[in-house]
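My questions all concern the structure below.
None of the figures in this text is laboratory data; all of them are computed from the coordinates on show. All values derive from a computational prediction rather than experimental measurement. In this analysis, Cβ positions are derived from the backbone assuming ideal geometry, glycine residues included, and neighbour counts consider all displayed protein chains.
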Amino acid sequence: MSSQSESVENSMDFPANCSACKYHGIANINGDRDVCLSTGDILFLEELQQCPLDSQEVEKTLTNEEIAKYASLIEESVEALKKISSAFVSIESSFDRNDLEAFLHGKTKLAKRTIRSVLDAIEKARFADEKHALRKFIASMGNVSNRDVVVVIDEIERLRRKYGKYEKEAQQ
């Protein structure tokens, strides 16, 4: 009972918004203690000087140069994917599909169904929309969801369309 009353007494020392914050919690560590989970770690409220959310950097405004840089990186990535696709096309055109599967099986010792799956995926990628292929590639490389990649790339392209006109005017 005393640990609960201690917790209530301690919580009175903190700003009122801590108890209403979605990151506020109570941990049973040597009794119930008020904690903040905003950083991903368990932080005891009594040890905090200020809210960790207040100490985080204020959202930065993107400049036209930064938007252009990321838009340019997206375009460069699309070009790289085009080169990779054309390299696969030239390899596949050198072999009959069955011969290529047999050759790869002999060299890699992978199961034929695995080789077929990879070749089928290459075939799909060859005819996929470049943006779709880029999004899948980035999601795979960054180990993030495809949905998140789509949101970020679409927003970069929207910003480029919106603010890119100022960059063109500045160049003229």
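Work through the residues other than residue 73 whose Cβ is under 13 Å from its Cβ and net out their charges, Lys, Arg +1 and Asp, Glu -1.
The answer is -4.
Follow-up. Starting from the amide H of residue 26, placed 1.01 Å from N in the peptide plane, find each other amide H under 5 Å away whose residue is 5 or more places distant or on another chain.
Distant-sequence amide H within range of residue 26: 35.
Run the quick spin-label model on residue 163 and residue 120: label points 7 Å from Cα toward the beta carbon, then report their separation in nm to one decimal.
4.4
Further, regarding this structure: Out of all Cα-Cα pairs in the range 64-171, roughly what percent, to the nearest whole number, are more than 25 Å apart?
Across the range 64-171, Cα pairs with separations above 25 Å total 40 percent.
Could I ask something else about it? Determine, for each peptide in 107-113, 95-101, the mean count of other beta carbons within 10 angstrom over its residues, then list the peptides with the highest first.
Ranking the peptides 107-113, 95-101 by packing returns 95-101, 107-113.
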